[in-house]
Amino acid sequence: MGESILQIACNRGHVEITRFLIHQAKVSLDVQDMLGRNPLHNACQARKPDVDLLILLIEERWKHLCLPDFMGKTPLEYLPDACWRELRVRLTM
């Protein structure tokens, strides 16, 4: 659905590939798919969201936390409750 390679890596929870794409390949984080979802949306919607990946994306583009997709949902609205709790703990450390 018009996803970039970065969005695919995020949706599949690949932390190291995402880190490589951002830091080495200099792939832009400012991309959206056809549904208006950015890489943070994709990471939050992964089958099993990876908190390390979420933190990486938040540190790189915290403004993506507030950007809604075309359904009006921000990335964290897609995050399962258990992952949300772990993310909150890790972000407050």
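The values are calculated or read from the model by the stated rules, or taken from the named source; none is laboratory data. Note that the structure is predicted; figures quoted are calculated from it, not measured. When we count neighbours, we look across all protein chains shown, and the Cβ atoms used for this are built from the backbone with ideal geometry, even at glycine. These area figures cover heavy atoms from the full protein model, side chains too; ligands, DNA and RNA do not enter into them. Shrake-Rupley method; radii C 1.70, N 1.55, O 1.52, S 1.80 Å.
Below, the figures for the structure above:
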quantity: Of the criteria (1) within 16 Å of T18 (Cα to Cα); (2) open to solvent by less than 70 Å² (accessible area, probe 1.4 Å); (3) not in a helix (DSSP H, G or I), which one K48 fails; calculated: (2)
quantity: Where V31 falls short, out of the listed (1) more than 13 Å from the chain's Cα centre (by Cα); (2) of a type outside the set (S, T, Y); (3) part of a loop (DSSP other than H, G, I, E, B); calculated: (1)
quantity: Residue that is nearest to V31 (Cα to Cα), among those in region 60-85 that are surrounded by 15 or more Cβ atoms within 10 Å (Cβ to Cβ) and among the acidic types (D, E); calculated: D69
quantity: Test: L53 is loosely packed, with under 14 Cβ neighbours inside 10 Å and either under 25 Å from G72 (Cβ atoms) or of a type outside the set (D, E, K, R) (or both); calculated: no
